[in-house]
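A short write-up of the structure that comes next.
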Amino acid sequence: MGFLRKMVEKKWNEELKEWIIRRLNCQELIRGARVKIRMDSEYAGQNKGSGTMKDDFSKDLGEYVGVTFDDGYSNSYRRRDLELANPIPESELRARKLDKGEIISASRILGVSEENVWNYIGGKVQEVESIPKELRAIMYTATGIRALKPKFELPDFNGNELEINGKEYKAGFLSGPFGREVFNEFRDIASIKYIKNKSLAHAHFDEGLVKALGIFEVVLINSIIRPAGYRTATPADLERILEQKTLDLSDCSVDTGLVLRSQCENNTVLAQDLAKQIKKRDGKFEYPVMIPLVGLDLDNQPSDVSRKSGYGLAFKLREDARVIYAPQLIDESRRKTFNRGDENGLPILGEGDRLLVTGKFGLVNMTLDLPYYHTHNNLLDNNLKKSKIVVVGPGGNNK
């Protein structure tokens, strides 16, 4: 174990040296960096040239940072809207040396002594465990070096009381300190394990809330909060929340389930793969079925399915997943009214002021957007401005 720890610590020394060089050469999205708008940004048409960042991204300044372009145009952009205009090859960066002035600058950035910076970049092993947790958190935030990251711990969850089948739970939006910690962990996993997959690039922490676009991000968030006994709300949870008025869901859009109606037309590759997994686990089944998102994981490794899916990702059916027959979610039920859901959260069709909007083919997501229940063909289709993630966890005598 001692040898492995020293290997990890030496690795983070090497990464720290590279980070210092990148930072001092403006090869990060920081004040003074030369940037351009990404082609996949919604603001791509505003300017095709290069510009200079006016500030660093920070929680104090908000999500947007100003950029002044060479032609005089100025505007503000999010981190996900920008990329470096003239990136220096990694091999060239690694070959660069640091002079005394750069060491002084690095010590100020990191908040450590110049001597310590010299030790870090000189290949001397700094024992990570000997660094105070608070300082490790600061250095991890500054550098992104994963070996520095303190152990992931969830703060207390502040939710409202919810009763489900006679047991006490708490329900609330993914927000506050709890939401921030989950989002930070989500961002790390998406960046490292899934190599900045674009289908996981939309979630952000804004005005104290975690917002996500599409079910892949919700599925990954489930994997983060599940070990502590939490889950994102299932359709059944949402119906109980509405009945008990636990939360106000009137102005939000909540992704909650996946609907498999057939193996053709919409998301064919993922539909065929998921149907295969269901048959392997449960045997023969009848379409359509609904699977709450808590019953899914993302594939650990790139596969033929993920490469052909159109999203760069694929689903893995969990052993504890509920595959629920949902005859309401067929084409004949398109734009039918209802007033409440059954024990599984599925609409009980009839008179009412709520509206089910569904279709006939393929694999689609299930989204609550009052008064509607939508099934979207695009698995990334959600209203990002209204997007909220509802979390359910243990409470009272159910802890």
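Rule-based calculations on the coordinates, nothing more; no lab input. On a predicted model such as this, the values are computed, not experimentally measured, just so you know. Virtual Cβ from ideal backbone geometry, glycine too; neighbours counted across all protein chains shown.
Using the 10 angstrom Cβ neighbour count as an exposure proxy, how do Ile195, Ile30 rank, fewest first?
Least to most surrounded, the residues fall as Ile195, Ile30.
For Thr68 and Glu351 in one chain, what is 0.36 nm times their gap in residues minus the Cα-Cα distance, to one decimal in nm?
That works out to 96.3 nm of additional length.
Under a 5 Å amide H to amide H cut-off, with H placed in plane at 1.01 Å, what residues pair with Arg340 once short-range neighbours are removed?
Residues meeting the amide H criterion: Ile348.
Neighbouring Cβ atoms within 10 Å as the yardstick, rank Phe69, Phe315, Phe285, Phe186 fewest first.
Ranked by crowding around the Cβ, least crowded first: Phe285, Phe69, Phe186, Phe315.
Which FRET efficiency value, to the nearest 0.05, do you get for Lys276 and Glu161 by plugging their Cβ-Cβ distance into 1/(1 + (r/R0)^6) with R0 = 45 Å?
The computed FRET efficiency comes out at 0.65.
Need the full-extension length gain, Lys151 to Arg80, defined as separation in residues times 0.36 nm minus the C-alpha distance. One decimal, nm.
Stretched out fully, the Lys151 to Arg80 stretch lengthens by 22.9 nm.
Expected output is a single nm value to one decimal: the length gained when fully extending between Asn300 and Asp206, i.e. 0.36 nm times separation in residues minus the C-alpha distance. What is it?
31.0 nm
Most exposed first by the Cβ proxy, i.e. fewest other Cβ within 10 Å, how do Ser303, Ser253 rank?
Ser303, Ser253
Just list whichever of Lys151/Lys316; Lys280/Lys308; Lys198/Lys386; Lys198/Lys308; Lys170/Lys245 have alpha carbons separated by over 18 Å in the model shown.
Distance filter (> 18 Å) returns Lys151/Lys316; Lys280/Lys308; Lys198/Lys386.
Scan the stretch 209-274 for GluC sites (Glu not before Pro) in coil per DSSP, keeping those whose Cβ has at most 16 other Cβ atoms within 10 Å, and list them by number.
For GluC sites (Glu not before Pro) across the stretch 209-274 that sit outside H, G, I, E and B with at most 16 neighbouring Cβ atoms in 10 Å, the list reads Glu265.
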